[in-house]
Amino acid sequence: MELKDMKLRDMRKALDSKEISAKELAESYLDRIKKYDGEIKSYITVTEELAYEQAEKAQEIIDKGEAKALTGIPVAIKDNICTQGVRTTCASRILENFIPPYDATVMEKLNSQNIVMLGKTSMDEFAMGGSTQTSAFAKTVNPYNKGCVPGGSSGGSAAAVSARLAPVALGTDTGGSIRQPASFCGITGIKPTYSRVSRFGLVAFASSLDQIGTMALSAEDCGILLNAICGFDMHDGTSSREAVPDFTAKIGENMKGVKIALPKEYFAEGIDDEVRQSVLAAAEQYRAMGAELIECSMPSLKYAVSCYYLLACAEAASNLSRYDGIKYGHRTERQCDSYEELIVRSRSEGFGDEVKRRILLGNYCLSSGYYDAYYRKALALRQLVRKEYNDIFEKCDMILTPTAPTVAYSPEKTADPVSMYQADICTVTVNIAGLPAISTTCGYDKNGMPIGMSLIGKKFAEQDIIKAASAFEQGFTPVLPRM
Amino acid sequence: MDMEMVKYLADLSKLEFSDEKLGETAQQMTSIIELMDTVKEIDVTYDAYKDNHDVFLPELRTDSVIPSMETAKIVSNAKSSDNCFVVPKVVE
């Protein structure tokens, strides 16, 4: 098997048996990045020198027989996760030259296992988008069809894994930003339960919805990387003390008797026929494995996109008020006569159009006269969405839906903000309810573009959805981009 | 959403738009607000107790002085002088 197609368990064996060295493994990916990333544009920053230093250190640990699960494993990191000493831009001009003076908790955890960081991947600016076309530095393309978007906002991480420019990657998911690009790029991505992974050092978009997760070529690899980043962190006030199990422990258990619900609203008008048929065919495969399929309903889905955007933008408007051009980030070069002018000019030059729109929307729905009609209503809807999920989970173990209404599309289709928002319909309720969900490829459309399905689990039931995704993957032959 | 509202929101948001961009933004924001208006169709009431009851509060830390990030690191991404942030003169 070629190095680029290896899964983590095989990589671990090859490293521990000295079949390959950590340096050779890093080199194989860095060479592929040099060869292909000029076209794919999945990375904003490639950390070649650091990767070789880390590979050398990892090799010393491997040689001592003290390797952990990820020692010497190359990993790509989404560029909204703070990496000490390595530029972290959030794909925004406002953070173009920002070098974090500290590591995010997830980076401390990964570095404690001596991973090899390949670089920082592109994304929609401040994770606001579903196409990676709002990135100020690298408008990533889809490795399956370079005329299509990779999805977003973790489009760089998804494309890097799909094109085998990294074996695994970290992404973040506020409204589907791991699952939708995983679907578009034909890979697997998991958004864990809200609070599972510390958000300390993650550049904030919407704090009650943001969650760091993992992206890989398989559910098992997502689980292995997830094992390394979960756990309580005193630096994140929302961090959970829930015990962290081995997320791969249930892989291989059969699906007999597992109850899978299919909410009818997720298969209704607005979902492409090929997507619907592919996900329903996957449901039938689960039935053939012994699972029980249950039809259910989620009436609040009709309001989910509006609810999500009101909550997310309100939080974003508040979170992004910290960018003033003074403490860090872009500062206008123009002569300013006042403190106010410095702030307004720095922000106006630094933020892109989509970020500005979301700040305006957030401040609109928080303004006097609009707060009750919009923001408070969205808070009420969040409670309704949670209740509907609780009701469904009384009768089932997990929920199966399409990950996105369509396969990847051309960048021209991203011009209309409203249609882009509406395209998030399949993913946002998971964030609203704080649940875990995994997307894996379940088929390809007539043009060979990947179709993703999502398995949504109960709170802290990542093991169950990883098991189910993996069970499907065992009988599915993925067609990866030829590179 | 009219231009006056966009100007008001821009002011609240500490942003400025050119006249051309203001018109385009007003148009886009009108469509976005139309989408947001769907929340008005449903009669639901927010129960603040439910959310706050659910919030997980980790144990509070001991209130003690511990080493924090050094000033040089804090100002490392800013225009600074003598370990202080530099801003335009605000007091005559």
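Scanning region B:37-50 for residues that are facing chain A (nearest Cβ under 7 Å), assigned to a helix (DSSP H, G or I) and either polar (S, T, N, Q) or touching a Phe, Trp or Tyr at 6+ places or on another chain (Cβ under 9 Å) (or both) turns up B:38, B:39, B:40. Screening residue A:120 against (1) of a type in the set (Lys, Arg); (2) crowded, with 24+ Cβ neighbours inside 10 Å; (3) part of a loop (DSSP other than H, G, I, E, B) leaves a single unmet condition, (3). When A:472, A:460 are checked against the criterion of being within 14 Å of another protein chain (Cβ to nearest Cβ), farther than 30 Å from residue B:29 by Cβ and in contact (Cβ under 8 Å) with a residue 60 or more places away in the chain, a single residue qualifies: A:460. Taking the conditions exactly as written (crowded, with 24+ Cβ neighbours inside 10 Å and among the hydrophobic types (A, V, I, L, M, F, W, C)), does residue A:136 satisfy them or not? So residue A:136 does not fit the description; no. Put simply, of A:418, A:385 the only residue that is of a type in the set (A, V, I, L, M, F, W, C), touching a residue at least 24 places away in the same chain (Cβ under 8 Å) and closer than 28 Å to residue A:151 by Cα is A:385. The number of residues in region A:374-426 that are over 27 Å from residue A:459 (Cα atoms), crowded, with 22+ Cβ neighbours inside 10 Å and hydrophobic (A, V, I, L, M, F, W, C) comes to 2. Within region A:27-56, being closer than 19 Å to residue A:66 by Cβ and touching a residue at least 12 places away in the same chain (Cβ under 8 Å) holds for A:54, A:55, A:56.
Scanning region A:350-401 for residues being more than 10 Å from chain B (Cβ to nearest Cβ) and outside any helix (DSSP H, G or I) gives a total of 11. Residue selection: residue A:364 fails the criterion of being surrounded by fewer than 21 Cβ atoms within 10 Å (Cβ to Cβ) and free of Cβ contacts under 8 Å to residues at least 24 places away in the same chain. Across region A:319-343, which residue is surrounded by the most Cβ atoms within 10 Å (Cβ to Cβ) among those that are more than 20 Å from residue A:89 (Cα to Cα) and at the interface with chain B (Cβ under 7 Å from one of its Cβ atoms)? Per the criteria, the residue is A:342. All conditions but one from (1) within 14 Å of chain B (Cβ to nearest Cβ); (2) outside any loop (DSSP other than H, G, I, E, B) apply to residue A:98; the one that does not is (2).
Exactly one residue out of B:4, B:34, B:16 is under 22 Å from the mean Cα position of the chain (by Cα), surrounded by fewer than 18 Cβ atoms within 10 Å (Cβ to Cβ) and more than 7 Å from chain A (Cβ to nearest Cβ), and it is B:4. The residues of region A:286-306 that are assigned to a helix (DSSP H, G or I) and either touching a residue at least 12 places away in the same chain (Cβ under 8 Å) or among the charged types (D, E, K, R) (or both), listed by number, are A:286, A:287, A:301, A:302, A:303, A:304, A:305, A:306.
Hey, does region A:407-427 have a residue that's among the hydroxyl-bearing types (Ser, Thr, Tyr) and in contact with a Lys or Arg (Cβ under 7 Å, 6 or more places away or on another chain)? The answer is yes, given that some residue of region A:407-427 is among the hydroxyl-bearing types (Ser, Thr, Tyr) and in contact with a Lys or Arg (Cβ under 7 Å, 6 or more places away or on another chain).
Throughout, read-outs are computed from the coordinates displayed, never taken from laboratory work. Just so it is clear, the model here is predicted, and its values are computed rather than measured. Cβ: placed from backbone, ideal geometry, glycine included. Neighbour counts: every protein chain shown.
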